[in-house]
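Beneath this line is the structure, given in structure tokens, with notes to follow.
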Amino acid sequence: MAVPQKPVEGQLLEGGVPAGRAAPAVIAPGHTFESVTDKISGIVLTKRTPIGWFIGFAVAFAFLMLLNLTIGHLLMTGIGIWGNNVPVGWAFDIINFVWWIGIGHAGTLISAILLLFRQQWRTSINRFAEAMTLFAVACAAMFPLLHTGRPWLAAYWLLPYPNTMGLWPQFRSPLIWDVFAVTTYFTVSLLFWFTGLVPDLATLRDRAQSRAAKVIFGVLSLGWRGSARHWQNYEVAYLLLAGISTPLVLSVHSVVSFDFAVSVLPGWHATIFPPYFVAGAIYSGFAMVMTLAVPLRKFYGLEDFITMRHIHNMTKVMLVTGMIVAYGYGQEAFFAWYSANPYEGYMMLNRMTGPYAPLYWSLIAINAGMIQLFWFRRVRDNVVLLFILSLFVNVGMWLERFIIIVTSLHRDFLPSSWDIYQPTRWDFAMFTGTIGLFLSLFFLFIRFLPAIAIFEMRTIVPEAKLQPEQRG
Amino acid sequence: MPQIFGRSANTLARASLVGLLLMAGGLIGLLMVLGRSSYVTRAQEFVEQPIQFSHLHHVGDDGIDCRYCHTSVETSSFAGIPPTKTCMNCHSQIWSSAPILEPVRASFREDRPLRWIRVHDLPDFVYFNHSIHLKKGMGCETCHGRVDEMPLMRQENSLLMEWCLDCHRAPEQFVRPRSEVFTMGYRPQVPQSVIGPQLVEEYGIQSLTSCSTCHR
């Protein structure tokens, strides 16, 4: 394997741009077809699992067990174990749902929209971002199902099928739109992810040493031989799936925002909700990709593949979408005043000065204030700082959902129904439990599947560019 | 490198896709059929009672009116199960020493009610009222079937919610004149499509399908 060379400061790159100022490459120089395949498939096919993987997985798994315990207690006792009360009928169950679903959006954006826009930098991060989407949607789906208290009955509450009651779900309810949006999203994301995996699974099949690995990867790779016809079909299928996924980036979180916007509650009934939610989703999703990418590239030595170019671009996407979100906050406050509606006005005043004001100002500080740091190149170059900031963004977006949901509900139209919402330890157990589920799945994913698309990485190494004399 | 899979693997892979679809479809279909089957709904099942009382004999052969025993059917939500005294009105005179009727006599002697097993058992979250159904021209037979032909009582219909709604959504298909409510084997003299809407109009029958009609 050739030793990758770093461009020297001051040296002129192609096009006369000084190396120090140019955008870093999407793959470190010096890589060949073989070195890419060796590096990525080596993570999966190695016989020695890094000790750090075991430690990380053990921690994540412990939280997954906490989730199991919580669900068990929830099913035995009922949703009374949560802090939900009468005006605040929805709390952690919908906050966490929106938070997780939002996180998933970055994966789809990276895999579909950036593919259609031919953004080469998506190549290194799309695979694990898509996996993140799937796991995030799985975590999200737990909350609406479990908040019914009896999820085994949820089939007929949620899905339209000819049941023995002669009833259909309420099609005018955004909650049913949610079911369709989320199931479509999960199905398409799964297909997209798996289709993209097939050529890599075949690579792993061919390189695997053990019989079991050969058979498992062999079955999963669906008989892929890499013939021209296979590639032709693959490209068509992948593009079609990208086309199907693209509207989902916008539609899924728009539908999620309808859960609020369609109701007539002050603070929810706003036309800005769909775009504001979509921007927030992409913002939080990129923060999660960053949270995952930084340790991944560090511990697996993938700095050559997930380069500073990716880190910079992700930071810029966070900056743009974060600014849209901040604009949304401004609009909410503006319309609370401009509407001249006393309830809207009170809602905003209560957010800013009421019992949850510290949370409101924290989210403003993070999502409108802190992200201004992303303007600075020095910040964008500091990976450790970006990791910490991305965790803050995750927290900030969670707080946003908390504020939207709880402050609008806890001050009902009638002061006699006002109450304070306080989450219980089971609320937190369930939330951290889903983080455990998410991380457990992610640890399994990076151990057993190629976290970076091998064959796509091979298309961006210099070797892949045809020389004039070779074109014939 | 040796092949991992034999030649049949391709066919197997394709067949398993079809199989998966068929299995999923079959399973869903099975659940739908099972949920409506008498295995689940207990329809058409004879129920063992303390005494094998025959409606066939008492209604069909003797022509006793439903209300002789089910006295509160026109005024109450519950049709009423007769006390042992109602049985003894006749059975103190006829078949007064028949061995099959010993539990009835014992109940009367010891002043201990007979423990009949409920055949038409609606879930507790359903509020059903007999009297209003009779007032609006719903015959006993419509729900309970030809009781005069049942040697042992059985549940004639599924009692599934979709079965209730069949009528609540289209009462004109089942309504009959009030005078015919207790008739067994009723046949409308003019076609139901003519008399049904007339009776709906006359009795002021509403198609009540809001949740709280039955679930309060």
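The values are calculated or read from the model by the stated rules, or taken from the named source; none is laboratory data. Since this is a predicted model, take the numbers as computed values, not measurements. Because the Cβ atoms are built from the backbone with ideal geometry, glycine has one as well, and the counts that use them run over all protein chains shown.
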Fill in: Selection count where residues are more than 26 Å from residue A:100 (Cβ to Cβ) and surrounded by 15 or more Cβ atoms within 10 Å (Cβ to Cβ), scope the range A:144-175
4
Fill in: Residue under evaluation residue B:209, criteria (1) in contact with a Leu (Cβ under 7 Å, 6 or more places away or on another chain); (2) among the polar types (S, T, N, Q); (3) away from chain A (no Cβ under 14 Å), criterion not met
(3)
Discussion item. Tally up the residues in the range B:77-92 that are surrounded by 14 or more Cβ atoms within 10 Å (Cβ to Cβ), in contact (Cβ under 8 Å) with a residue 12 or more places away in the chain and in a loop (DSSP other than H, G, I, E, B), please.
Written reply: 4
Worksheet entry | Number of the condition not met by residue A:239 [criteria: (1) more than 14 Å from every other protein chain (Cβ to nearest Cβ); (2) buried (at least 18 other Cβ atoms within 10 Å of the Cβ)] | (2)
Worksheet item: Is it the case that the range A:160-172 has a residue that's at pLDDT below 90 and among the hydroxyl-bearing types (Ser, Thr, Tyr)?
Response: yes
Fill in: Count of the range A:245-287 residues which are without any contact (Cβ under 8 Å) to a residue 24 or more places away in the chain and under 17 Å from residue A:136 (Cα atoms)
0
Discussion item. Please determine whether any residue of the range A:138-158 is more than 14 Å from every other protein chain (Cβ to nearest Cβ), within 23 Å of the chain's Cα centre (by Cα) and free of Cβ contacts under 8 Å to residues at least 24 places away in the same chain.
Written reply: yes
Worksheet item: Which of the residues spanning the range B:93-117 are loosely packed, with under 10 Cβ neighbours inside 10 Å, within 30 Å of residue B:163 (Cα to Cα) and either free of Cβ contacts under 8 Å to residues at least 40 places away in the same chain or under 18 Å from the mean Cα position of the chain (by Cα) (or both)?
Response: none
Worksheet item: within 16 Å of residue A:279 (Cα to Cα) and free of Cβ contacts under 8 Å to residues at least 40 places away in the same chain - does that describe any residue in the range A:368-387?
Response: no
Discussion item. Can you tell me how many residues within the range B:39-55 are touching a residue at least 24 places away in the same chain (Cβ under 8 Å), part of a helix (DSSP H, G or I) and out of contact with any helix residue (DSSP H, G or I) (no Cβ under 6 Å at 6 or more places or on another chain)?
Written reply: 1
Practice prompt. May I ask you to list the residues in the range A:180-202 that are more than 14 Å from chain B (Cβ to nearest Cβ) and touching a Gly at 6+ places or on another chain (Cβ under 8 Å)?
Written response: A:185, A:189, A:199
Discussion item. Are there helices (runs of 4 or more DSSP H) fully within the range B:121-194 with at least 1 residues that are within 14 Å of chain A (Cβ to nearest Cβ), of a type outside the set (D, E, K, R) and crowded, with 18+ Cβ neighbours inside 10 Å? List them.
Written reply: B:161-169
Practice prompt. Would you mind stating whether residue B:35 is in a helix (DSSP H, G or I), in contact with a Leu (Cβ under 9 Å, 6 or more places away or on another chain) and within 30 Å of residue B:147 (Cβ to Cβ)?
Written response: yes
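Determine, yes or no, whether residue A:117 is closer than 24 Å to residue A:99 by Cα and not charged (D, E, K, R).
No; evaluated as a whole, the condition is false for this residue.
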Discussion item. List the helices (runs of 4 or more DSSP H) inside the range A:104-217, counting only whole elements, that have at least 2 residues being among the β-branched types (Val, Ile, Thr).
Written reply: A:126-147, A:174-207
Worksheet item: Inside the range A:203-228, can you point out the residues that are more than 11 Å from chain B (Cβ to nearest Cβ), surrounded by 16 or more Cβ atoms within 10 Å (Cβ to Cβ) and either in contact with a Gly (Cβ under 7 Å, 6 or more places away or on another chain) or in contact (Cβ under 8 Å) with a residue 40 or more places away in the chain (or both)?
Response: A:203, A:204
Worksheet item: Of the numbered conditions (1) within 14 Å of chain B (Cβ to nearest Cβ); (2) within 30 Å of residue A:75 (Cα to Cα); (3) assigned to a helix (DSSP H, G or I), residue A:253 satisfies every one except a single condition; which is it?
Response: (1)
Discussion item. Looking only at the range A:222-249, count every residue that is in a helix (DSSP H, G or I) and either farther than 19 Å from residue A:190 by Cα or in contact with a Pro (Cβ under 9 Å, 6 or more places away or on another chain) (or both) and tell me the total.
Written reply: 6
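Table: residues versus (1) more than 23 Å from residue B:163 (Cβ to Cβ); (2) within 19 Å of the chain's Cα centre (by Cα); (3) surrounded by 13 or more Cβ atoms within 10 Å (Cβ to Cβ).
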site: B:39; (1), (2), (3): no, yes, no
site: B:43; (1), (2), (3): no, yes, yes
site: B:49; (1), (2), (3): yes, yes, yes
site: B:62; (1), (2), (3): yes, no, no
site: B:66; (1), (2), (3): no, yes, yes
site: B:70; (1), (2), (3): no, yes, yes
site: B:75; (1), (2), (3): yes, no, no
Worksheet item: Restricting attention to the range A:328-351, and to residues there that are of a type outside the set (Gly, Ala, Ser) and free of Cβ contacts under 8 Å to residues at least 24 places away in the same chain, which single residue is nearest to residue A:280 (Cα to Cα)?
Response: A:334
Worksheet item: What is the one condition in (1) under 18 Å from residue A:277 (Cα atoms); (2) not in a helix (DSSP H, G or I) that residue A:355 does not satisfy?
Response: (1)
Worksheet item: Which residues, taken from the range B:1-23, are among the small types (Gly, Ala, Ser) and within 13 Å of another protein chain (Cβ to nearest Cβ)?
Response: B:6, B:8, B:9, B:13, B:16
Worksheet item: Do we find that residue A:311 is out of contact with any Pro (no Cβ under 9 Å at 6 or more places or on another chain) and either among the β-branched types (Val, Ile, Thr) or surrounded by fewer than 21 Cβ atoms within 10 Å (Cβ to Cβ) (or both) in this structure?
Response: no
